[in-house]
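**Q** First the structure, then my questions, so here it is.
The values are calculated or read from the model by the stated rules, or taken from the named source; none is laboratory data. Given the structure is predicted, the values throughout are model-derived calculations rather than measurements. Here the Cβ positions follow ideal geometry from the backbone for every residue, glycine too, while neighbour counts run over all protein chains shown.
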Amino acid sequence: MKLIDIGEVSRQAGIPASALRYYEEIGLISSVARHGLRRQFEPDVLLQLALISMGKAAGFSLEDISAMFGPGGKPDLPRKDLHDRADELDRHIAELTALRDTLRHVADCPAPSHMECPTFRRLVDLAGKRRQKRIKPGLQTLG
């Protein structure tokens with residue numbers, strides 16, 4: 001099996017070598033040899049790095065991601081956690097979609113003032129109600 005030098009792993013994965021060293025330090029990936037001072041990795045590390053990047057993009061912490069790898073760095077993905085995260089992303093997408101639609105309406109609204117536009121007022125009221133639902137009783141937030 002041909003090993004891959006840390007520089008090549010960095011180039012192929014699009015991740016700085018410093019991040020690869022950190023990932024190795026915290027146990028997310030592991031090098032299998034050294035060529036001089038340069039770490040060498042098995043080709044499977046590229047799949048691990050792709051999964052780490054996907055996990056980070058989905059909002060998982062490095063600690064969460066680390067727990068998703070079983071012995072030997074093989075993925076052992078907790079399906080319930082993945083469903084929960086997907087549900088959270090769905091909620092976030094719905095909020096962003098509503099915000100996008102509001103911005104487009106404001107940009108295209110023919111009313112002389114946005115505050116005179118009943119659709120805009122309704123959208124602002126809905127956004128405020130959604131925000132209140134997310135704030136737990138007894139908790140205060142800034143602005």
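**Q** Residue check: is ASP76 closer than 30 Å to VAL124 by Cβ and surrounded by fewer than 11 Cβ atoms within 10 Å (Cβ to Cβ)?
**A** no
The rows are residues; the columns are (1) under 13 Å from VAL9 (Cα atoms); (2) touching a Ser or Thr at 6+ places or on another chain (Cβ under 8 Å).
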{"site": "GLU25", "(1), (2)": "no, no"}
{"site": "SER31", "(1), (2)": "yes, no"}
{"site": "GLY36", "(1), (2)": "no, no"}
{"site": "ARG39", "(1), (2)": "yes, yes"}
{"site": "PRO43", "(1), (2)": "yes, no"}
{"site": "ILE52", "(1), (2)": "no, no"}
{"site": "ALA58", "(1), (2)": "no, no"}
{"site": "ALA67", "(1), (2)": "no, no"}
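**Q** Next up: Considering only segment 37-78, state which residues are over 16 Å from the mean Cα position of the chain (by Cα), in a helix (DSSP H, G or I) and modelled with pLDDT of 90 or more.
**A** VAL45, LEU46, LEU47
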